[in-house]
Amino acid sequence: MRNPKLTLYLPIYIVFGLFLGLSIAAAQPVDPESAAPAGGYSKFVHPNDVILPAVKYDSNVPVRNPFKSGVLDRSPQAGGAAPLERYELKSYRLTAVVNDQQGSFRGNLVDPSGMGHLAVVGTKVGKKGGQVTVVEKNRLVVVEKYKDANGKEQVNTHEYKLGR
């Protein structure tokens with residue numbers, strides 16, 4: 001026959017022993033060098049990336065911005081072109097037109113990657129050197145002048161409208 005005291009108290013002893021063991025393990029300090037992964041942290045960092053050191057707080061030293069990445073991206077940009085000159089005209093879309101304090105309009109063009117760019121009259125847009133010629137409250141017009149394969153000058157007018 002089973003011992004009723006053993007059946008009753010055994011789970012209590014097991015739980016108490018687990019809590020006691022965990023609390024003792026948590027109270028012991030851990031050496032940061034031994035906690036690092038084998039081979040160090042270098043396998044997580046790309047060779048072209050630069051690690052910025054964290055700045056300790058001092059009243060005379062500015063604190064590192066926690067919302068900016070600590071890794072600088074050193075990858076080359078797409079051909080060194082301006083952001084609005086990376087894609088064809090048809091791939092942009094007009095999402096907003098804003099009236100600034102001087103009374104002129106600025107259009108927000110979104111590229112295929114989802115990044116928005118403000119464009120005013122004279123801003124270059126597209127791979128073929130188009131320029132914004134008109135920005136009104138519900139549309140933006142880009143005129144592209146380029147030479148075709150025969151050397152003949154071509155003019156391409158592209159109109160962006162809101163709500164399309």
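The values are calculated or read from the model by the stated rules, or taken from the named source; none is laboratory data. What you see is a predicted model, and the numbers here were worked out from it, not measured in a lab. Reconstructed Cβ throughout: ideal geometry from the backbone, glycine too, with neighbour counts over all protein chains shown.
Structural remarks
- Test for ASN65: is it outside the structural domain of VAL121 (by TED's automatic domain parsing) and either in contact with a strand residue (DSSP E or B) (Cβ under 8 Å, 6 or more places away or on another chain) or at pLDDT 70 or above (or both): yes
- Pairs, first part of a strand (DSSP E or B) in the stretch 80-97, second among the β-branched types (Val, Ile, Thr), C-beta under 9 Å, six or more apart: ARG93/VAL110; LEU94/VAL110; THR95/VAL110; VAL97/VAL135
- Residues that are in contact with a Lys or Arg (Cβ under 6 Å, 6 or more places away or on another chain) and either surrounded by fewer than 12 Cβ atoms within 10 Å (Cβ to Cβ) or in a strand (DSSP E or B) (or both), drawn from the stretch 101-130: VAL110, LEU118
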